[in-house]
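Trainee: Below is the structure I would like to discuss, written out as structure tokens.
The values are calculated or read from the model by the stated rules, or taken from the named source; none is laboratory data. Predicted model, so just to flag it, every value in this text is computed and none were measured. Because the Cβ atoms are built from the backbone with ideal geometry, glycine has one as well, and the counts that use them run over all protein chains shown.
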Amino acid sequence: MAERGYDTVLRADQARIHSDSLEMPHPILTAETLSVVYNSSRGPQKAVDNLSLAIGDGEFVSILGPSGCGKSTFLNVAAGLLQPSGGRAALSGQTISGPRPDIGVVFQRPTLLPWATVEQNVLIPIRALRRPIQQYRSRAHELLEMVGLKDHAGHYPEELSGGMQQRVGIVRALIHDPSLLLMDEPFAALDAMTRERMSLELQDIWNASQKTVLFITHSIPEAVFLSDRVLIMSPSPGRIREEIVIDLPRPRDAELMGSSKYAEICGRIRKIFSQFPEKAQ
Ligand SMILES: Nc1ncnc2c1ncn2[C@@H]1O[C@H](COP(=O)(O)OP(=O)(O)O)[C@@H](O)[C@H]1O
Ligand SMILES: [Mg+2]
């Protein structure tokens, strides 16, 4: 895969920008001086502060930050599920003001309907968008095959393991062919082994589907393994503090996780986190 990157990110955030020799892919998702203030019982709470970023077409970018720093809040704005208090998020220059079919979202828990089969769960967005179900059935099966669930289309969620259910959630987010996939700690509820396997699978899915992915996590190794770039958020109120370009070759395999270069990048990020009052895992 060609080297990607660009230098427009993070203008408003005093972040260090690693922009050497970078050409600029067409940005898909942008956030401009975004802020979110919640009105809570303790008064106004600023969850996201002056956050700016740009994610290029086809990039895999992770946002890494300690718990409570505003990652999900930002993702909800990008998904059109939450209105920002200031600034804006835009998809190809168009302000995101509500949920839209060109954005797919995967949450921490797949929230599948227990009474519906895997195939029926996967086709929920098609029903919601009032598109012809029949035309998407074969796509559903292709995607299920891609994630190793070809023989599970007729199964019910309770018959699947946690990892399998999360894969169904990913397929459901891809079924209507969105250009951008937003993933909010999708593997957080899985055991360590499954989580590692899911990282490998997600890389394959990303390769095969050519989507732009914004992946939110608080796992440093996961972010480094998967990403072209890692954006580090500071503790609450969240803003982007640093950008790290991950120049590890692709495709990446499990062996890479034992390499010194991988360890060096993880260590560099860990050091940044150690300077925060709250630490990432
Ligand atoms: N609906 C809400 N009302 C009030 N405060 C909220 C709400 N949602 C989140 N927060 C607060 O905003 C901050 C950021 O939350 P969140 O975006 O969920 O963080 P993260 O995903 O990084 O763990 C936290 O302090 C959290 O308590
Ligand atoms: Mg969260």
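Trainee: Just to be sure, is Gly98 under 27 Å from Ile246 (Cα atoms) and either crowded, with 17+ Cβ neighbours inside 10 Å or not hydroxyl-bearing (Ser, Thr, Tyr) (or both)?
Mentor: No: the conditions fail for Gly98.
Trainee: Right, something else. Consider Asp191 carefully, then state whether it is more than 18 Å from the chain's Cα centre (by Cα) and either within 16 Å of ligand 2 (Cβ to nearest atom) or under 26 Å from Phe225 (Cβ atoms) (or both).
Mentor: It is true that Asp191 is more than 18 Å from the chain's Cα centre (by Cα) and either within 16 Å of ligand 2 (Cβ to nearest atom) or under 26 Å from Phe225 (Cβ atoms) (or both).
Trainee: Evaluate the following for Ala188: is it small (Gly, Ala, Ser) and part of a loop (DSSP other than H, G, I, E, B)?
Mentor: Taking the combined requirement at face value, the residue satisfies it.
Trainee: Output the residues belonging to region 47-61 that are within 11 Å of Ser85 (Cβ to Cβ) and within 16 Å of ligand 2 (Cβ to nearest atom).
Mentor: Ala47, Val48
Trainee: Can I ask one more? Do you know which of the residues in region 64-79 that are over 30 Å from Gly148 (Cβ atoms) and in contact with a strand residue (DSSP E or B) (Cβ under 7 Å, 6 or more places away or on another chain) is surrounded by the most Cβ atoms within 10 Å (Cβ to Cβ)?
Mentor: The residue in question is Phe74.
Trainee: Here is a further query. Taking Leu64 and the conditions (1) more than 22 Å from Val168 (Cα to Cα); (2) more than 16 Å from ligand 2 (Cβ to nearest atom), which numbered condition does it fall short on, given that it satisfies the others?
Mentor: So the condition that Leu64 fails would be (2).
Trainee: Just a yes or no: is a residue in region 233-248 assigned by TED's automatic domain parsing to the domain that holds Gly68, of a type in the set (Asp, Glu) and surrounded by fewer than 18 Cβ atoms within 10 Å (Cβ to Cβ)?
Mentor: yes
Trainee: Ok, one more. Restricting to region 124-145, and then to whatever is of a type in the set (Gly, Ala, Ser) and exposed (fewer than 14 other Cβ atoms within 10 Å of the Cβ), can you tell me which residue is nearest to Met183 (Cα to Cα)?
Mentor: Of everything passing the filter in region 124-145, Ala128 is nearest to Met183 (Cα to Cα).
Trainee: Determine which single condition Gln83 fails, assuming it passes every other condition in (1) surrounded by fewer than 15 Cβ atoms within 10 Å (Cβ to Cβ); (2) among the polar types (S, T, N, Q); (3) more than 16 Å from ligand 1 (Cβ to nearest atom).
Mentor: Among (1) surrounded by fewer than 15 Cβ atoms within 10 Å (Cβ to Cβ); (2) among the polar types (S, T, N, Q); (3) more than 16 Å from ligand 1 (Cβ to nearest atom), the lone unmet condition for Gln83 is (3).
Trainee: Scan region 110-123 residue by residue and report those that are surrounded by 15 or more Cβ atoms within 10 Å (Cβ to Cβ) and modelled with pLDDT under 95.
Mentor: Listed by number, the list holds a single entry, Pro110.
Trainee: Moving to a separate point now. Please verify whether region 218-237 includes one or more residues that are of a type in the set (D, E, K, R), in contact (Cβ under 8 Å) with a residue 60 or more places away in the chain and outside any loop (DSSP other than H, G, I, E, B).
Mentor: Scanning region 218-237 turns up at least one residue that is of a type in the set (D, E, K, R), in contact (Cβ under 8 Å) with a residue 60 or more places away in the chain and outside any loop (DSSP other than H, G, I, E, B).
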